[in-house]
1. Run the simple label-point estimate for residue 182 and residue 297 please: 7 Å along Cα→C-beta, distance reported in nm.
2. Modelling each spin label as a point 7 Å along the Cα-to-Cβ direction, I'd like the residue 134/residue 210 distance in nm, to one decimal.
3. Can you give the FRET efficiency for residue 173 and residue 313, using 1/(1 + (r/R0)^6), R0 = 35 Å, r = Cβ-Cβ distance, to the nearest 0.05?
4. Please provide three numbers in whole Å: the alpha-carbon extents of the chain along the principal axes, with the largest listed first.
5. Kindly express, to the nearest 10 degrees and within the range 0 to 90, the angle between helix 135-145's C-alpha long axis and the longest C-alpha principal axis of the chain.
6. How much length, in nm to one decimal, is gained on full extension between residue 1 and residue 195, taken as 0.36 nm per residue of separation minus their Cα-Cα distance?
7. Under the 0.36 nm per residue contour assumption, what length would be gained going from the current alpha-carbon distance of residue 157 and residue 17 to full extension?
8. Between residue 279 and residue 219, what's the calculated FRET efficiency when r is the beta-carbon distance and R0 is 22 Å? Round to 0.05.
């Protein structure tokens, strides 16, 4: 789990969106460490001290591994709980290995401020700017670095998160139930074929896409209840939205809760609208669409499929969705 973010940057007070980034981190609830490897103006030092007292004043340090691990130990954290953002090859080199072993840090390179001759090749991922970067982004990058599924949203009863290999057999069981398969556009194949498709999805979609299909999990016991999220249908420019739920958990409000949480996340990530395709006989999904509280319009209607557009720009986020 991500517990600490350390910024090791040159002249960070002169970076674009500097104040926006500081405000984001100071309100994140994470331990934040700040180091300026260039000339930090007094005003920036004062701002950092005010924004995050736990981080202390910016300073320079030649032995970054020793310094960062020492500060983490002071707060009771370890390498694997820390994300580093830097524009320096020297910092990346120092924090990548310790006595020949790879460290547990998640290393991000910032290209907007790095100097000629720097490659940032030791970074796990590169950032060109802080535009559209938020805390969930940092959490997803950190989770992917450690091969863990990232949480998308948390509600009163549910957790929406990326799926992982241990979830496959339960998801496959749910998708093969007659009450579920009846409403699927694609009937599940044999288990080994579906397992390979699932493995491919995990490796090619989650690391690169903000919008995907996520698992719906019971918050109290961690049970997989179903699936919710977005996909791209052939021939359509807009993302399609859908969900499925294990029949034994229907009629308890889980579907409405999960749909609201997923759409709240999508709105916060800048998605303006999405399409929903519902079979005419699937009256339960039509009721969920009506009950979720967001505006929608029907685009087409035939005997095979009803198509709706959900207008996220006008959607009022659900109060039961908690920040992660």
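1. 3.3
2. If labels sit at residue 134 and residue 210, their model points lie 0.8 nm apart.
3. Between residue 173 and residue 313 the formula returns 0.40.
4. Taking max minus min along each principal axis of the Cα atoms, the chain gives 68, 42, 38 Å.
5. So the helix axis and the longest Cα principal axis differ by about 90 degrees.
6. 67.1 nm
7. 46.8 nm
8. After rounding to 0.05, the efficiency reads 0.15.
Just so you know, all these numbers are worked out from the coordinates, no wet-lab data involved. If you're wondering where the values come from, they're calculated on a predicted model, not measured in any experiment. Heads up, the Cβs are rebuilt from the backbone with ideal geometry, glycines too, and the neighbour counts pull from every protein chain shown.
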